[in-house]
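Bear in mind these aren't lab numbers, they're just calculated from the coordinates by the rules spelled out. For clarity, every value in this text was computed on a predicted model and none was experimentally measured. Here the Cβ positions follow ideal geometry from the backbone for every residue, glycine too, while neighbour counts run over all protein chains shown.
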Amino acid sequence: MSLTTNELAKFSAFCKDNNFHIPVESSEIFLKYKIQKDLNSLEDSIKYLYYLLPKDYESQQTLKSLIYKYFHYVIEDLNSATFYIIDEYQNNNEKLLELLEDINLGNLEELERMSEDLIMNDIDADFTRPVSDLYWLNQIKKSKKYQEFFDMFNNLEMSNFSELTNQLNKENMQRLLDNSILEKIIEERNKQKTAYKPSELEPRTQLNEKDFLFTNQEERKLLLEQTYQLGKKLAIKYKRFIKDSNKGNLFFRRTIRKSLESGGSFEKLIFKPRIKKKPKLTILCDISGSMALNSLFGVTLLYGMVSKFKSIKAFVFIDGATEISKTLRLIKKNEIEKIFSRWGDFVKSDGHSDYQTSLQELIKIDNSEKGTLIVIGDARNNYRNISEDLIEDLDEKYKKIFWINPEQSKYWNTGDSQMKKFEEINYKTVEVRNYKQLKDFIKEIDLKKVLSL
């Protein structure tokens, strides 16, 4: 039995009735490939049709279920290691052809060798740095050797039909190679993790001095609760400052007159009325890949401050700034991590850290003037430029800037770190990679001194 044009149309209608859409373009490509490759078996036809459709996990599972209901055929998880060989590979690129055919046969030795070579020889990586595995993957993907490998898929002359199949093969190879690289990164980091001790500190048994990045699930649960409490403490400090600052200067004559009525004792101080000013505190947290678990602690601190206090503004950013003040006030404490499940909602361009764009956007959308800004971020900008105009605009916009950096200070201004440019205008720049350092920062901050105009 073969999947005829008529049968494909019926299956497409069946999928549509079950809220799953098969694009017309995919159907056309399938029929061309079927004719070119003379696909006569139903099994091969279904496999290729499945290969052409969207690759997100939910769509895959839905399509598998529909294929089983309609054809009574079970799709195996073939997409992670299946490539469709087109004539252009055989005619133009023997190296690529050999690799794809090896992977189709289950031989992953060359793929693993490539992954190891990219990690060990193509980037200068210190895997003890407290950044995420995805950060290192992104650094590798920018390397010349990685990009040259995928150029092999681009430098081919081919028909429109072959072009789509080639693009699908390229995307499939990218997923496969990236997963292999990530596995190697994790292996390498695990080798070095046991031996890693921050050079500035002696070995500690206290959880409060353990890097956030190296905590286990139970430790994180405890530290996140403590971080939430720190956020509340900072908010209380802020509230007290606002209350005190709304008092005017002492009304000396009325106070004396009142004291005479009570026999000369100063039972009540009388202050001149003062026009209330809107509070001016903004907090910005980097939630990009390089921030790893540190961003979870950063957003938890934001939650502790913002959830009960409407006048503090909270923003997060990857490659553009987004205000989350209202979101933090609507969710419960145990729902904070759900914000990160919506990571894609905060991506505005390419999903890589962009401090230039994010801070420019913050300046535009934050309507406070001459306030205080607290930034939680590593200042790693993926080798993008930070302009002098931005630095001047930040300095003009905010009276005081505090910067909390979760990296060890010895790594500041190395690689793509732009910390030096921001330090020029920061009121205070501190290293905060564990609970003790965060607690010390909250304890030392003097809001009366910082926020007073």
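I'd like the projected area of region 5-77, averaged over all directions, using the convex hull of its alpha carbons. Report it in nm² with one decimal.
4.5
How about region 323-394: which trypsin sites (Lys or Arg not before Pro) there are in a DSSP loop, with at most 12 other Cβ atoms within 10 Å of their Cβ?
LYS332, ARG342, LYS370
Taking the Cβ of each residue in ILE287, ILE391 as the centre, tally the other Cβ atoms inside 10 Å and list the residues starting with the fewest.
Working: ILE287 23, ILE391 16.
Ascending number of Cβ neighbours within 10 Å: ILE391, ILE287.
With a point put 7 Å past each Cα toward its Cβ, work out how far GLU225 is from ILE363 in nm, to one decimal.
That separation, rounded to one decimal, is 4.3 nm.
Please state the shape class of region 305-453: rounded when a/c is under 1.5, otherwise prolate if a/b exceeds b/c and oblate if not, all from the C-alpha gyration tensor.
Judged from the Cα gyration tensor, region 305-453 comes out rounded (a/c under 1.5).
Using a Cα-Cα cut-off of under 16 Å, which aspartates and glutamates could be cross-linked to LYS332, ignoring same-chain neighbours fewer than 8 residues away?
GLU225
What value does region 87-193 have for Rg/Rh, both radii from Cα atoms and Rh as Kirkwood defines it?
1.02
Could you tell me what percent of the DSSP beta bridges with both partners in region 353-444 are antiparallel, to the nearest 5?
10
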